[in-house]
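Quick notes on the structure that follows.
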Amino acid sequence: MSAASRRQRGNDAARWYAGYCRGHGWAHAEATGAGRGGVDVTGMPGLSVEVKATAEMRLESWLAAAEARPGLPYVVWMAPGMGRARVGWWPVIMRRGRFWELAAAAGVPGSDFHVTWGTADTVDVASFALSAAVVHLRVLEYRGRGADVAMADRWPMICTVDDHVWMLGRAGYGGPGAVRTAG
């Protein structure tokens, strides 16, 4: 894939995610376009959004980019095989500690989640996101090989865009349109 094609895929992903968010409580969500510094989607106060559309999963560097800016940091990933029609099923990646803080702020008890875990050797994240769309609040705790339990709050957690947007709305980040549409 050429550099121009990769850039276009990234721009499309950010634009489609922004459009999804406009329909779910963020009337001013807009994609910023490739090459511009800062968040990938503006008009979402209090959030630091990083949108990725690549085959290679680089959780740590993606999260570091989102964490380098003010706001609740998270990454939206248009994984291979997912396109515009499946935005609600795209994986959202957050640090474990931030994920559970968001869930608490949204008033969602931990018992409402189906949590599974895996490593790069055992989990196909794109398939997980697709299967999660039919199970309410399914999340994946992604542990690196030899993960240090003392650093558990920094482990990536993965859920779907649909569940994430729903929790953001319940936690007060979105407008009245922040409602759950799938699952």
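For the reader, a short list of remarks on this structure follows.
- Each of 67, 50, 56 has some number of other Cβ atoms within 10 Å of its Cβ, and from fewest to most they run 56, 67, 50.
- Cα-based shape type of the range 22-105, given that a ≥ b ≥ c are square roots of the gyration tensor eigenvalues and the cut on a/c is 1.5: rounded
- What the Cβ-Cβ distance of residue 30 and residue 8 gives, at R0 = 22 Å and to the nearest 0.05, is a FRET efficiency of 0.80.
- Remark: the residue 56-residue 85 segment gains 8.3 nm on full extension, using 0.36 nm per residue and subtracting the alpha carbon distance.
- Sequence of 60, 30 once ranked by neighbouring C-beta atoms within 10 Å, starting from the fewest: 60, 30
Read-outs: derived from the displayed coordinates by stated rules, not from any lab. The structure displayed is predicted, hence computed values, not measured ones. No Cβ is skipped: glycine too gets one built from the backbone with ideal geometry, and neighbour counts run over all protein chains shown.
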